[in-house]
Amino acid sequence: MKKILTLISVGLIVVAAAFAQSASSGFIESSDSYADTSTQTIQIEDKYGDLHPKAKSLKIELEYTPLTGEVRLYYTCLAAGYDQGEAMNTAMAVYEDFAADNKYKHYSYKGKDKTKYFKNESGMRMATYSSYVIFTR
């Protein structure tokens, strides 16, 4: 009787191991089809001149991840003409246009806005305002 129970339990373990292995191999095959999580860099043309009259040498750039709806905005200009209020107003206008173009309804800030100062390759002092939001449909 003990031998029969031992043989049955060993048989069940072998069958369970066979199913576990085939299930894991199926999982590995499907893991190659990950969703695209790449980030797109979008240069924004400056059509917001009335929102930032002081800023000179302005560059607005978005880093957009379509899968999650994350957008990071970088507003870079000469430090002498930088005004944080103008940068914030421009960022909000860019977000509204971006939402309309990509059929998003809402966005929420996911981090504090930051300002950093640096010198570019020609030695001019620049300021970069960065903002991080997530869009929802």
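The values are calculated or read from the model by the stated rules, or taken from the named source; none is laboratory data. Please read these numbers as outputs of a predicted model, since none were measured by experiment. Note: ideal-geometry Cβ built from the backbone for every residue, glycine included; neighbour counts use all protein chains shown. Side chains included, ligands, DNA and RNA excluded: accessible areas come from the protein's heavy atoms. Shrake-Rupley method; radii C 1.70, N 1.55, O 1.52, S 1.80 Å.
Between beta-carbons, use under 9 Å as the cut-off and find the net charge around Q43, counting Lys and Arg +1, Asp and Glu -1. Residues close to Q43 contribute a combined charge of -1.
Couplings 3J(HN,Hα) for the range 102-115, derived from phi with the Karplus relation 6.51 cos²θ - 1.76 cosθ + 1.60 (θ = phi - 60°), are 10, 6, 9, 9, 9, 9, 9, 6, 10, x, 6, 6, 10, 10 Hz, where x marks Gly and Pro.
Within straight cross-link reach of K59, meaning Cα distance under 29 Å, which lysines are found once same-chain residues fewer than 8 apart are removed? Partners found: K47, K103, K105, K110, K112, K114, K116, K119. The convex hull drawn around the Cα atoms of the range 40-136, when projected onto a plane and averaged over every direction, covers 6.1 nm².
Once C-alpha pairs closer than 8 Å and six or more residues apart are averaged by separation and normalised to the residue number of the range 40-136, the relative contact order reads 30 percent.
Highest-first packing order for the peptide set 65-73, 126-134 is 126-134, 65-73, based on the mean count of other beta carbon atoms within 10 Å. The phi torsions of the range 2-8, fed into the Karplus equation with coefficients 6.51, -1.76 and 1.60 and a -60° offset, translate into couplings of 5, 5, 5, 4, 5, 5, 5 Hz, rounded to whole numbers, with Gly and Pro shown as x. Solvent exposure of the range 40-136, expressed per residue, is 59 Å² of accessible area, with all protein chains present and a 1.4 angstrom probe. Computed extension length for L5-E63: 14.6 nm, one decimal, from 0.36 nm per residue of separation with the Cα-Cα distance subtracted. Packing-based ranking of 117-125, 104-112, 92-100 yields 92-100, 104-112, 117-125, ordered from highest to lowest mean Cβ neighbour count within 10 Å.
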